[in-house]
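Derivation of every value follows stated rules applied to the coordinates shown; laboratory data play no part. This structure is a prediction, so every number in the text was calculated from the model and none was measured. Please note: Cβ atoms are built from the backbone with ideal geometry, for glycine as well, and neighbour counts cover all protein chains shown.
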Amino acid sequence: MNVLLWVLQVALALLYLAGGSYKVFKFDQLANQMRALSRGGWRALGVLEMVGAVLLIVPAAAKWMPVLTPLAAAALALETLALAGLYARYSLKLAATNPMVWAVVMGLLSAFVAYGRYA
């Protein structure tokens, strides 16, 4: 189980780091497609995702305050599932190109990591 959690943590950290950097640095494209949030809102979500990605790995790997890992996973799960609700306002189509589908999957996996590391 520990190996599965580590694999999920690394994969989620990479995905959240990529998604967060996209939201921070390429927010013009995103803000033009989805106007529900302002540029500052997209940037704040991007920074939250990038910090959460680091906290998914570093505290558990360094064994320094490992309680931060399940807290970061839970925060990312809540943020991602809320973002999925925002994406659902634009499209409910179940396709791999819909960001809502990816957000739901990543949110559920983050919740699984939070539960697995907390328990």
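Observations on the structure shown:
- HN-Hα J in Hz across the range 102-107 - Karplus 6.51, -1.76, 1.60, θ = phi - 60°, x for Gly and Pro: 5, 5, 5, 5, 5, x
- Label sites at residue 22 and residue 88, each approximated as a point 7 angstrom past Cα along Cα to Cβ, lie 2.1 nm apart.
- Sparsely packed chymotrypsin sites (Phe, Trp or Tyr not before Pro) within the range 17-69, loop by DSSP, other Cβ within 10 Å at most 16: 64
- Rounded Å value of the spacing that divides the Cα centres of the range 9-40 and the range 41-119: 12
- Each helix, a run of at least 4 DSSP H residues, gives -39500 (n - 2.57); summed and divided by the residues of the chain, these come to -27500 deg cm²/dmol at 222 nm.
- Label positions at residue 14 and residue 2, each projected 7 Å from the Cα along the C-beta direction, are separated by 2.3 nm.
- Taken about its Cα centre, the chain carries a charge dipole of about 200 debye when Lys and Arg each add +1 at the Cβ and Asp and Glu each add -1 at the Cβ.
- Two-decimal Rg/Rh across the range 26-73, once Rg and the Kirkwood Rh are taken from alpha-carbon atoms: 1.19
- Considering only 71, 48, 37, the Gaussian network model of the chain with Cα springs below 10 Å gives its largest mean-square fluctuation to 37.
- P(r) tail fraction, the range 66-119 - alpha-carbon pairs more than 16 Å apart, %: 41
- 10 Å Cβ shell holding at most 16 others, DSSP loop, trypsin sites (Lys or Arg not before Pro): longest site-free stretch of the chain: 36-62
- Once the Cα atoms are used to define both axes, helix 2-25 deviates from the longest principal axis of the chain by about 30 degrees.
- Per-pair calculated FRET efficiency, R0 = 25 Å: residue 112 and residue 38 via Cβ, rounded to 0.05: 0.20
- Value of Rg to Rh for the chain (Rh from inverse mean 1/r over Cα pairs, i.e. Kirkwood): 0.99
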